[in-house]
2 protein chains.
Amino acid sequence: MRPDDIPAIRSLDLFSDMSEDSFHDLVRGAYMQTFPPQVDLISEGDPADFLYVVVSGSVELYARWNGRETSLSTVRPISTFILAATIKDAPYLMSARTTEKSRLILLPSQDVRDVFERDNAFARAVVTELAQCYRTVVKNAKNLKLRTSIERLANYVLRWSARNGGATEFELAMEKRRLASFLGMTPENLSRAIKALRPYGLEIDGARVRITNRTDLELLAKPNPLIDDFTT
Amino acid sequence: MRPDDIPAIRSLDLFSDMSEDSFHDLVRGAYMQTFPPQVDLISEGDPADFLYVVVSGSVELYARWNGRETSLSTVRPISTFILAATIKDAPYLMSARTTEKSRLILLPSQDVRDVFERDNAFARAVVTELAQCYRTVVKNAKNLKLRTSIERLANYVLRWSARNGGATEFELAMEKRRLASFLGMTPENLSRAIKALRPYGLEIDGARVRITNRTDLELLAKPNPLIDDFTT
DNA sequence: CCGGCATCTTGACAATTGTCAAATTCACGA
DNA sequence: TCGTGAATTTGACAATTGTCAAGATGCCGG
C-alpha cells in the first residue's frame, strides 16, 4: 500500500476516531491494488472476505436476477463499500465492478470484525456509516416507488446540479446505459425521457447536461429533501 | 409501562447485551402507550424524538410524495423502528401508522443517543440491527428493480409460506390494498396478478392463500436467497 | 338481520415502459 | 485520418401497469 494512501483513508469518518493501534491493526493486513476498468471485484452471494475502500476511480454496485441486471449505486472516492456484509459476516448482496481504472484498498473482513470488537470508537463510526447507507437506500426505494422514470431523471439532474454547486451546466458522471439502469429503466426509455424533458428546461447532449429553465424543471421534478438530499 | 413489558424488550437483540445500568437509563424515561388502529404515529420530516418498539399489534411505515403514497414495510412485534433517524438525530424518512390496535414503547431519542455514547455493548448491538435493516432495504430494492409485479407477488407468497413453516395454506398478513402498495402496484393490478397466478399454482380467496402447485409457482417466482431470505 | 360503507374485483381504456431492429453517433486504436 | 465496434437514438410495436367507473363482496354497527 502506498504510504500516502494511509493519511487519506485515516481521514475518513469511518476510521478517523479509532485508536492508532486499531488503525495499525487494520491496515497491517490490508493491501492496495489498482484495477483496470470493467473488472469484476466481487459477486453477489460470495462470502464477505474484504471490506473495500475506493481511493481513486469508481466502482459500480449492481445485482442480477433471472438474467436481468440492475445498477444499484456508484461508489466514488473516498468511501467504503459492503460494510454491512463485512460486519455481519454475511454474503454480499451486490456484485461490484470497476467502471474506470481504480485504486482500491482491501481490508480483510476478519481484521475489520476483530477491530470492531475491540475498538469502541470504531464501532460507533460503523453505526454512523451504516445509518447513512440505510437512509440512502430508503430514499432510493422512495424514489423508485413514488416517481415515474421522467421524474426520476429530472430529479437526478437536479441533484447533480446541486452537488456541482448549483451549476447549470455539467457533465454526466456515468454513461447513459448505466444511468438508465440506475434510474430503473432501459437505455431506450432514458433517451425518450431526455427528449421529453426538453420542453421543461433540460438539454442533454452527449455527456453534457444543460439546465435551460430551472424553474420549469423543478416544477416538474418537485425535488424533496427526504428523497433527494444526500447529506442528511 | 407495564412491568411485564420490561423483560420482553430486554430480550431483544438490540437491548440484551447492554449493562443493567444502561438499560435502566433507557427505560426510565420511556413510556408505553396503546393506540387504536389507523393512528398516525410519526410523519416523515419530523425530528426523531423517539425510538419506537412495537410490543403488540403492527405498524406500517410508508412515505408520500406529490400526492402519491407507498407502503415501505410493516413492523411486527417485537421490534423497533426508525433507529437510524434516532441515532443520527436526523428527520424521519418515513411516516408510521398503526394498522391495528397496538402497544408501543417510546424511548426518548436523546436517552437512546446518550446510552449509545456510553454503553459499548449497546453501540455494537445497534450496528447489528442497522446492518440487518440495511440489507433488508437492499433486498427490497433488488426485488423492485429486477422483478415484474407478478413475480413480486409470487415471491411474496413463497416468502410467507416459508415464514409459516412451509405451509401450503395460510392467511394474508395485511389487507390487499396495503399489500399492493407494498409490492409497488395498484390494488387493481394486484387483483389481476392474483388471477394471472392461478394457472401457476396459487389461489387467493379473500385473505386465504392456497399454494396448489408449489413446483410451478417456484418455477415462475425463481426465489433467491439474496432477495427473499430475510434471515441473512 | 339488515343497511351502509369500505374493500375488492372487473371491464374498458390510457399511459408508461419494455423489446426488437435498424440507423446514427461516438470513441478509440491502428 | 480512417475504420471498427460499442453506445446511443429512433421507430414500430408489444407488454406491463395505471386510471376510471361500475359492480360485487364482505364487514360492522344498529
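Output the number of the condition that B:M185 fails; it satisfies all remaining conditions of (1) more than 29 Å from A:A84 (Cα to Cα); (2) of a type in the set (A, V, I, L, M, F, W, C); (3) more than 16 Å from DNA strand C (Cβ to nearest atom).
Only one criterion is unmet by B:M185, namely (3).
So that you can scan it fast, the table gives a plain yes or no per residue for (1) of a type in the set (A, V, I, L, M); (2) at the interface with chain B (Cβ under 10 Å from one of its Cβ atoms); (3) assigned to a strand (DSSP E or B):
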residue: A:P77; (1), (2), (3): no, no, no
residue: A:T80; (1), (2), (3): no, no, yes
residue: A:A96; (1), (2), (3): yes, no, yes
residue: A:L104; (1), (2), (3): yes, no, yes
residue: A:L107; (1), (2), (3): yes, no, yes
residue: A:D114; (1), (2), (3): no, no, no
residue: A:E117; (1), (2), (3): no, yes, no
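Could you please find all residues in region A:64-87 being within 16 Å of DNA strand C (Cβ to nearest atom) and in contact with a Ser or Thr (Cβ under 6 Å, 6 or more places away or on another chain)? Even if it seems obvious, please write down each step before you answer.
Within region A:64-87, the subset within 16 Å of DNA strand C (Cβ to nearest atom) is A:64-72.
Within region A:64-87, A:T70, A:S71 qualify.
Taking B:T128 as the residue in question, decide whether it is among the hydroxyl-bearing types (S, T, Y), facing chain A (nearest Cβ under 9 Å) and either in a helix (DSSP H, G or I) or within 23 Å of B:S73 (Cβ to Cβ) (or both). Give the steps one after another, and end with the answer.
Values: among the hydroxyl-bearing types (S, T, Y): yes; facing chain A (nearest Cβ under 9 Å): yes; either in a helix (DSSP H, G or I) or within 23 Å of B:S73 (Cβ to Cβ) (or both): yes.
The answer is yes for B:T128.
Can you tell me which residue is farthest from DNA strand D (Cβ to nearest atom) among those in region B:180-190 that are buried (at least 17 other Cβ atoms within 10 Å of the Cβ) and within 14 Å of another protein chain (Cβ to nearest Cβ)?
Residues of region B:180-190 that are buried (at least 17 other Cβ atoms within 10 Å of the Cβ), as a first pass: B:180-185, B:190.
With within 14 Å of another protein chain (Cβ to nearest Cβ) added as a condition, the list becomes B:180-185.
On the way: B:A180: 8, B:S181: 9, B:F182: 12, B:L183: 9, B:G184: 6, B:M185: 3 Å.
That would be B:F182.
Against the conditions (1) within 14 Å of another protein chain (Cβ to nearest Cβ); (2) among the small types (G, A, S); (3) buried (at least 21 other Cβ atoms within 10 Å of the Cβ), where does B:A193 fall short? Just the number, please.
Of (1) within 14 Å of another protein chain (Cβ to nearest Cβ); (2) among the small types (G, A, S); (3) buried (at least 21 other Cβ atoms within 10 Å of the Cβ), only one is false for B:A193: (1).
Condition check: within 27 Å of B:E129 (Cα to Cα), surrounded by 20 or more Cβ atoms within 10 Å (Cβ to Cβ) and within 14 Å of DNA strand D (Cβ to nearest atom). Does A:K139 satisfy that? Steps first, please.
Values: within 27 Å of B:E129 (Cα to Cα): yes; surrounded by 20 or more Cβ atoms within 10 Å (Cβ to Cβ): yes; within 14 Å of DNA strand D (Cβ to nearest atom): no.
Against the criterion (within 27 Å of B:E129 (Cα to Cα), surrounded by 20 or more Cβ atoms within 10 Å (Cβ to Cβ) and within 14 Å of DNA strand D (Cβ to nearest atom)), A:K139 does not qualify.
Give the residues of region A:148-179 that are within 16 Å of DNA strand D (Cβ to nearest atom), touching a residue at least 40 places away in the same chain (Cβ under 8 Å) and within 13 Å of chain B (Cβ to nearest Cβ), sorted by residue number.
A:S149, A:I150, A:E151, A:A154 - these are the residues of region A:148-179 that are within 16 Å of DNA strand D (Cβ to nearest atom), touching a residue at least 40 places away in the same chain (Cβ under 8 Å) and within 13 Å of chain B (Cβ to nearest Cβ).
Sort out which residues of region B:190-206 are on the phi < 0 side of the Ramachandran plot and within 8 Å of DNA strand C (Cβ to nearest atom), and write them in order of number. Walk me through how you get there before you give the answer.
Our first condition is that a residue be on the phi < 0 side of the Ramachandran plot; within region B:190-206, this holds for B:190-200, B:202-205.
Of everything in region B:190-206, those that are on the phi < 0 side of the Ramachandran plot and within 8 Å of DNA strand C (Cβ to nearest atom) turn out to be B:L190, B:S191, B:R192, B:I194, B:K195, B:I204, B:D205.
Among all residue pairs at least 6 apart or on different chains, which show Cβ distances below 6 Å where the first residue, located in region B:191-210, is near DNA strand D (Cβ under 10 Å from one of its atoms) and the second is in a helix (DSSP H, G or I)?
What qualifies is B:A193/B:S149; B:A193/B:I150; B:A193/B:L153; B:A196/B:I150.
Which condition from (1) of a type outside the set (K, R); (2) away from DNA strand C (no atom under 12 Å from the Cβ); (3) touching an Asp or Glu at 6+ places or on another chain (Cβ under 9 Å) is the one that A:T168 breaks?
The number of the failed condition is (3).
Residue-wise test of (1) over 19 Å from the mean Cα position of the chain (by Cα); (2) buried (at least 19 other Cβ atoms within 10 Å of the Cβ); (3) not in a strand (DSSP E or B).
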residue	(1), (2), (3)
A:Q33	yes, no, no
A:E60	no, yes, no
A:A63	no, yes, no
A:E100	no, no, yes
A:A123	yes, yes, yes
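Mind listing whichever residues of region A:1-20 are in a helix (DSSP H, G or I), within 17 Å of A:D119 (Cβ to Cβ) and touching a residue at least 40 places away in the same chain (Cβ under 8 Å)?
A:I9, A:D13, A:L14, A:F15, A:S16
Helices (runs of 4 or more DSSP H) wholly in region A:179-232 with at least 3 residues that are of a type in the set (D, E, K, R) and more than 23 Å from the chain's Cα centre (by Cα) - which ones?
Working: elements: A:187-197, A:214-221, A:225-228.
Qualifying helices (runs of 4 or more DSSP H): A:187-197, A:214-221.
Laboratory data are not the source of any read-out in this text; all were calculated from the coordinates shown. Note that the coordinates shown come from a computational prediction; the quantities given were computed from them, not determined experimentally. Here the Cβ is made from the backbone with ideal geometry for all residues, glycine too, and neighbour counts use every protein chain on show.
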